[in-house]
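Worksheet: one structure, shown below.
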Amino acid sequence: MSSHSSGKGHHHHHHGIWYRMRRWMRHNKKFAAAAALLCIVVLSAGGFFLLHSQKEQSRLHVTAGNSVDMKGGYRTITWKDKEYQYNSLITTVLYAGLDSTDPLKASETYSNKARADSISVVILDKKKKKMSILALNRDTMTEIRRYTRTGEDMGTYVSHLGYAYSYGDGGEVSCEDLKEAVENLLGISIDEYAVTNQSSITSINDLVGGVTVTVPNDDLAAMYPELKKGAVVTLDDSNVKDFLQHRDTAADFSNEGRIERQQAYVTAYVDLLKNRLASEPDQLWQEIGQMNDYLQTSITKNKYLSLARLLEKVSFTDADYYRPTGKDSAGELHDEFYVDEDALRQLVIDLFYEEV
């Protein structure tokens, strides 16, 4: 090989990559322009998403009190000049009861699905050996996610918490959206969810062989002579639905009486459930499986067994029921409930955090 050609090779290398790119671009003008455009689009879209997710983050930070820090696997927050750390020994399960009776299944079209009627977060605290229930008003005005009928995500806007389920697909998307709305409202993350509808009520009652309660009020005395205030009654298929759901819509705040009855029921139910879980967990799991049409849940068999073991360790009484305080106002369509942000923040700290 002559020295001349090797010199030329060397010279070519000397111009480096920019030279080759410029030359390529001169010869491929159209293609180069398209490539450049693509880069700009990708970068700006990236920027937009970044901006969007930062906005999303900052919105979450605002809802979650002064400062929420996701570092180190747990969160620390500062509130009223004290520092708190999330109690990592807590397991949370979101429970929602829907106002529908049809079998629950996802559909191609989004929106117009059932509304979540009763919504609560079950808090199993391994550290304090306690179970608590945080019951949320379905009319709580908060950020929920909306979709077009074809399932395009339209972001969040403020509406009734109960509708967070309605805008989804009636399946997993609806469940996840309700979970997300509750997480944003409380500023915490939720581990599992279980959603049932009205058709599940008798099955749920039968899982523990009927529930014996002391009737807390006279709301149902006219309809059911046996359900007078103070009466001790074992609820069965004939009356359990009304006991849990009935309210006189003509009377103001009739929801209060209903919540009292639900509370009496759940307190008695938990005890019976603990006994069954301890004695025949597998049998119970099979029976729950038969409720498939009226139950949507993220809980797997393994998770169920670990929750069963956890439930055995925790105590639960009527006093372990919590409800955020706030203001009711008559909305255009139906009541709107606005939580007292400060009181809710304090309640969340009491239930989920420990002072550092």
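Every number in this text was worked out from the coordinates using simple rules, so none of it is lab data. Predicted model, so just to flag it, every value in this text is computed and none were measured. Glycine also receives a Cβ, built like all others from the backbone with ideal geometry; neighbour counts cover every protein chain displayed.
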* List the pairs whose first member sits in region 313-324 and is touching a residue at least 24 places away in the same chain (Cβ under 8 Å) and under 13 Å from Leu134 (Cα atoms), whose second member is of a type in the set (Lys, Arg) and part of a strand (DSSP E or B), and whose Cβ atoms are under 9 Å apart, counting only residues at least 6 apart or on separate chains? -> Phe316/Lys130; Asp320/Lys130
* Asked: Ala330: closer than 30 Å to Asp271 by Cβ and either of a type outside the set (Ser, Thr, Tyr) or within 18 Å of the chain's Cα centre (by Cα) (or both), yes or no?
  -> no
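Only one residue in Leu136, Leu124 is under 18 Å from the mean Cα position of the chain (by Cα), closer than 25 Å to Ala319 by Cα and surrounded by 23 or more Cβ atoms within 10 Å (Cβ to Cβ), so which one is that?
Values: Leu124 fails: surrounded by 23 or more Cβ atoms within 10 Å (Cβ to Cβ).
Every option except Leu136 fails the conditions.
Residue by residue, here is whether (1) within 30 Å of Val314 (Cα to Cα); (2) in contact with a strand residue (DSSP E or B) (Cβ under 7 Å, 6 or more places away or on another chain); (3) surrounded by fewer than 18 Cβ atoms within 10 Å (Cβ to Cβ) holds:
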site	(1), (2), (3)
Ser203	yes, no, yes
Asp206	yes, no, yes
Pro225	no, no, yes
Thr234	yes, yes, yes
Asp237	yes, no, yes
Leu272	yes, yes, yes
* Assuming Leu161 fulfils every condition listed in (1) over 26 Å from Lys303 (Cβ atoms); (2) touching a residue at least 12 places away in the same chain (Cβ under 8 Å) apart from one, which condition is it? -> (1)
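Is it the case that some residue within region 191-202 is touching a residue at least 12 places away in the same chain (Cβ under 8 Å), out of contact with any Cys (no Cβ under 8 Å at 6 or more places or on another chain) and at positive phi?
No, region 191-202 contains no residue that is touching a residue at least 12 places away in the same chain (Cβ under 8 Å), out of contact with any Cys (no Cβ under 8 Å at 6 or more places or on another chain) and at positive phi.
Please state which one of Glu183, Glu152, Glu172 is out of contact with any strand residue (DSSP E or B) (no Cβ under 7 Å at 6 or more places or on another chain) and either in contact (Cβ under 8 Å) with a residue 40 or more places away in the chain or hydroxyl-bearing (Ser, Thr, Tyr) (or both).
Numbers: Glu183 fails: either in contact (Cβ under 8 Å) with a residue 40 or more places away in the chain or hydroxyl-bearing (Ser, Thr, Tyr) (or both); Glu152 fails: either in contact (Cβ under 8 Å) with a residue 40 or more places away in the chain or hydroxyl-bearing (Ser, Thr, Tyr) (or both).
Sole residue among the options that is out of contact with any strand residue (DSSP E or B) (no Cβ under 7 Å at 6 or more places or on another chain) and either in contact (Cβ under 8 Å) with a residue 40 or more places away in the chain or hydroxyl-bearing (Ser, Thr, Tyr) (or both): Glu172.
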* Structure fact -> Of all strands (runs of 3 or more DSSP E) fully inside region 66-167, the set with 3 or more residues that are among the aliphatic types (A, V, I, L, M) is 90-98, 116-125, 130-136
* **Arg149, sole failed condition from (1) among the basic types (Lys, Arg); (2) over 30 Å from Arg345 (Cβ atoms); (3) surrounded by 18 or more Cβ atoms within 10 Å (Cβ to Cβ)** => (3)
